[in-house]
Amino acid sequence: MKLKYFGHSAFLLEIGGVRLAIDPFLKANPHGAVKLTSVACEYVLCTHAHEDHICDAAELAKLHGATLVAPFELAEHFAALGAATIDLMPGGGIDLPWGRLDMTPATHSSSIEGAHGQNRAMGVASGYLIRAEGRAFYHAGDTALFGDMRLIGRHGLDVACVPIGDRYTMGPADAIDALGLLKPRLAIPMHYNTTEQIRTDPHAFAVAAGQAGHAVRVMAPGETISP
């Protein structure tokens, strides 16, 4: 397993012989602009429809011939743009030749932001549980803390990416409680310091989480690890 972080909630996961770009906020990412040509992938996973999670999804998938995975309504939107898609809903999943994708619940909204505040609802928000090669990776998406996280982690998690930015998602304190339910071997904070509204100290979070018994790795944008 290899994991590259681009900042915000955007990652590239290599597992089972495939590459999955998750919530691709790349070209205009305040943590550092990324060229789409440098993010080769076979799948593009979107947790929900907000611009900071899908803005480069369709273009990235088209560029690399990748399959877009999203909650049903958002997948239908991408399909209408000509993309090859896999539509899922929380609680469902799909077996693929290299492993399994499960869509998990997330407590958040999902809409495409239009002009003059005319947002278009796009179903539900989600997270992803990705399993291959005997490993389990969880991307929580944008979410609040919720009790059923203990079910997501019930079979063991190698890595869990959790938001810590507060205001629109869990803040650091709730994220630590989330790790108590998920119990991953390694936690990676995300969705912070992209705007002033979600500014927080990930290293302070790592220290506090460590005091609660959780291993945390703060990844720098552009960093790749093999957890």
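Its Cα centre serving as origin, the stretch 11-131 has a Cβ charge dipole (Lys and Arg +1, Asp and Glu -1) of approximately 200 debye. The slack in the chain from D148 to S109, taken as 0.36 nm per residue of separation less the alpha-carbon distance, amounts to 12.3 nm. Within the chain, antiparallel bridges make up roughly 60 percent of the DSSP beta bridges whose residues both belong there. Taking 0.36 nm per residue of separation and subtracting the current Cα-Cα distance, fully stretching the chain between A79 and R100 would add 5.4 nm.
Be a star and scan the stretch 84-109 for residues whose amide nitrogen sits under 17 Å from the point 7 Å along the Cα-to-Cβ vector of H155. Once the point is set 7 Å along Cα→Cβ of H155, 89-105 turn out to lie under 17 Å by backbone N, inside the stretch 84-109.
How big is the Cα convex hull of the chain in projection, averaged over all directions, in nm²? Hull-based average projected area comes out at 11.2 nm². Between L145 and M170, the built amide H atoms are under 5 Å apart, and every one of these is 5 or more places off in sequence or on another chain. The lysines within cross-link reach of K35, meaning a Cα-to-Cα straight distance under 25 Å and a gap of 8 or more places when in the same chain, are K2, K4, K27, K62. Report summary: the helix-based calculation at 222 nm, which adds -39500 (n - 2.57) for every DSSP H run with n ≥ 4 and divides by the residues of the chain, gives -5500 deg cm²/dmol.
From the mean inverse distance of alpha carbon pairs (Kirkwood) and the Cα radius of gyration, derive Rg over Rh for the stretch 126-193.
0.94
Per the Kirkwood formula applied to alpha carbons, the stretch 1-93 shows a radius of gyration over Rh ratio, Rg over Rh, of 0.94.
How many times 2.2 N^0.38 Å is the alpha carbon radius of gyration of the stretch 86-212?
Numbers: Rg = 15.3 Å, N = 127, 2.2 N^0.38 = 13.9 Å.
The stretch 86-212 yields a ratio of 1.10.
Here the label points at R167 and A28, each 7 Å from Cα along the C-beta direction, are separated by 1.7 nm in the simple model.
Counted by Cβ distance under 14 Å from M89, the other residues give a net charge of -4, where Lys and Arg count +1 and Asp and Glu count -1.
All of the numbers you see were taken from the coordinates with simple rules; none came from a lab. Predicted model, so just to flag it, every value in this text is computed and none were measured. Please note: Cβ atoms are built from the backbone with ideal geometry, for glycine as well, and neighbour counts cover all protein chains shown.
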